[in-house]
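Asker: The structure is given below, and queries will be raised subsequently.
Taken together, the values in this text are just the output of simple stated rules run on the coordinates, not laboratory data. These figures come from a predicted structure and were not determined experimentally. Cβ atoms come from the backbone with ideal geometry, glycine included; neighbour counts cover every protein chain shown.
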């Protein structure tokens, strides 16, 4: 559900299902009602109410760290190992702070966990009212007026119409099917096509109802993209807030790179002009000039494209002329009053909104074109060429270093007292394990930081297998050797495995070679939607799942169903990524920094920790992690990476199937160190 509010009501039933004394009616939070309710006391109440819950020292430590960051108004940066329970550790001091708190996550799954699981549990035990809401980006909500206007012109699937007539929140994620992209783009809520209080559907608008709930909420759960969009807009999207909790914080720098990027494409220009002609009827000479000049520019770019993706380093002829033509159209639109349009059915207001939308798009295109005409050292540009039904040429400009955007617009946002950044994987090797992450978000002073260890006994729950004598990953013999190891391991663990790869090609090659001859049912990423694959894996005994990036994190499978995680190689970033390439080039010019030690290695370490973290999710889990990359034992940096992983028992050889099953060879009284 998109904008869900949980209200502070009393309850006579405990979270364990047992009867408990009826609590007095909850009162609003204030210094008086908060009284003696400390972090420790709330955790004690949680243990009393929640069946099977135990207070864990690492979780309590993390909660105290976060509380201290709130009280001192310093930036908090914390790595919380698997099983710490970082959501409760963050929410309890957030509730007690008595201020407006935004919680931001990278994934829908974690948003829903906060909103549908963690917050309701804490709200039941809290002695005062807590109001929480979830808010998504505006484009996730149905626009009622836009839908009705569209229905008059197009046929809509009956299932979709039924949902529209019955939805309470208008959130597209409620659908069990994905509506066509072009249709949803015509009927979702759109700021550039919003009549606000003049709209006949304003009183029951899904988006503005969500905004109202967000305004009233003490705790507002959002995602990183929406958080950054609000920061970039100067706070025009989210209500003012004093405290910020960024969960899955390792994702935010990359999302910021995308959020602050600029782009222009031949398809985008064509759509822009189509909307202008259809809705606003600008002078034909303005449209013709843009069509002609953009056609010339994109033909020139197409001729330059030596590959599907190519860096642009030099000015491109024709960009300046297209800027001038687009600005001429923008000036014309800004000067229009549209008084010639009869003000029937809000047609004049709709035309003004359409003009506003096109003006905004033109401004974005001009910003990108200015970089095409005069490249900047602070931006990296590349050309992408795709050919399906038609050739699409797109130029993207991304900030080389988004940290100043994050620092200036988010961390130092007006009215924000402090922010807390946490994840299971933020620390890397070095004297300061958080140096890489702090640099990526632009923080260097007034920081409270700590690595809070996992409560799990990794030495007695997990083995780390590093096979000996493996060729290096770039060697021609690596694939065949890896296939042999994967098959041996899967046979030993009787399936129950994730096999994770750093590339789609490696996944496909391994799957095609191994799946037909394995005695266990197997599937690969792409066979069905991600969540459906997870459900299939949980329901299928001895299943084997071959995956790439989507399964390195955000998937939690408890118990023996997942007893083995195999990783083909250290997940260094691919060298053909233009942003990564440009950042490496910049570091190579800096004698005080190393592109490998300061960028490539910490990024790969954080990523590998995510993959390894799929295995042990509870105190009862046991299993094997196998990493097939010999560089972990042969290269100087391999030991640094291993030291950053959970403290699993390292083995170099496997027992035979005949001698031990999975449960037996995890008896760490036996020595298989080889």
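Asker: What FRET efficiency do you get for residue 73 and residue 236 if R0 is 25 Å and r is their Cβ-Cβ distance, rounded to the nearest 0.05? Each step should come with its number before you reach the end.
Answerer: Numbers: r = 24 Å, r/R0 = 0.98.
For R0 = 25 Å, the calculated efficiency reads 0.55.
Asker: Oh, and also: Spin-label point model (7 Å from Cα, Cβ direction): what's the residue 503 to residue 279 distance in nm?
Answerer: Taking the simple label geometry, residue 503 and residue 279 are separated by 4.4 nm.
Asker: May I pose another question? Kirkwood-based Rg over Rh for the range 421-505 (C-alpha set), two decimals? Before the final figure, lay out the partial values.
Answerer: On the way: Rg = 18.6 Å, Rh = 17.0 Å.
Rg/Rh for the range 421-505 comes to 1.09.
Asker: Can you put 241, 207 in order of Cβ neighbours within 10 angstrom, beginning with the fewest? Please list the in-between numbers first.
Answerer: Working: 241 22, 207 26.
Ordered from fewest to most neighbouring Cβ atoms within 10 Å, 241, 207 come out as 241, 207.
Asker: May I ask you to compute the full-extension gain from residue 435 to residue 181, defined as 0.36 nm times their residue separation minus their alpha-carbon distance, rounded to one decimal in nm? Let's see the in-between values first.
Answerer: Numbers: separation 254, 0.36 × 254 = 91.44 nm, distance 4.06 nm.
Result for the pair: 87.4 nm of gain on full extension.
Asker: If I take every Cα pair under 8 Å that is 6 or more residues apart in the range 300-386, average their sequence separation and divide by the length, what percent do I get for the relative contact order?
Answerer: On the way: 71 pairs, mean separation 50.8, N = 87.
With pairs under 8 Å counted, the relative contact order is 58 percent.
Asker: Right, something else. When a footprinting reagent is the concern and you count Cβ atoms within 10 Å, what order do 121, 264, 55 take, fewest first? If you can, show how the numbers build up before the last one.
Answerer: Details: 121 17, 264 29, 55 12.
Listed from fewest to most nearby Cβ atoms, that is 55, 121, 264.
Asker: Oh, and also: What number, rounded to the nearest 500 deg cm²/dmol, is the helix-based mean residue ellipticity at 222 nm of the chain, given -39500 (n - 2.57) per DSSP H run of at least four residues and division by all its residues? Each step should come with its number before you reach the end.
Answerer: On the way: 27 runs with 279 residues, N = 674.
Here the helix-only value at 222 nm equals -12500 deg cm²/dmol.
Asker: Still on this structure, I have one more. Can you pull the semi-axes for the range 458-665, root of five times each eigenvalue of the Cα gyration tensor, sorted largest first, whole Å? Intermediate values should be presented prior to the final figure.
Answerer: Working: eigenvalues 165, 73, 57 Å².
Working through the eigenvalues yields semi-axes of 29, 19, 17 Å.
Asker: So for the pair residue 157, residue 356, with labels modelled 7 Å out along Cα→Cβ, what separation do we get in nm?
Answerer: The two pseudo-label positions are separated by 3.2 nm.
Asker: Suppose R0 equals 51 Å. What FRET efficiency, 1/(1 + (r/R0)^6) with r the Cβ-Cβ distance, do residue 348 and residue 538 give to the nearest 0.05? Please report the intermediate quantities before stating the final value.
Answerer: Details: r = 56 Å, r/R0 = 1.09.
Step by step, r from the Cβ atoms, then E = 0.35.
Asker: Something else now. Separation of the range 464-526 and the range 291-358 by C-alpha centroid, Å?
Answerer: Rounded to whole Å, the Cα centres lie 49 Å apart.
Asker: Also, quick follow-up: Any idea what diffusion coefficient the range 61-187 gets from Stokes-Einstein, in µm²/s, Kirkwood Rh on alpha carbon pairs, 20 °C, 1.002 mPa s?
Answerer: Values: Rh = 17.7 Å.
Value of D from the Cα-based Kirkwood radius: 121 µm²/s.
Asker: Something else about it: Once you place label points 7 Å from the Cα toward the Cβ at residue 407 and residue 164, how far apart are they in nm?
Answerer: Distance between the two pseudo-spin positions: 4.9 nm.
Asker: Given Cα pairs under 8 Å that are at least 6 residues apart, what percent is the relative contact order of the range 523-583?
Answerer: For the range 523-583, the relative contact order is 27 percent.
Asker: Which ordering of 277, 246 is given by a fewest-first count of other beta-carbon atoms within 10 Å?
Answerer: Details: 277 12, 246 27.
The order, fewest Cβ neighbours first, is 277, 246.
Asker: Let me ask something additional. Hey, what did the chain get for relative contact order, percent, Cα under 8 Å, at least 6 apart? Show your work: numbers first, answer last.
Answerer: Working: 1119 pairs, mean separation 106.4, N = 674.
Contact order relative to length: 16 percent.
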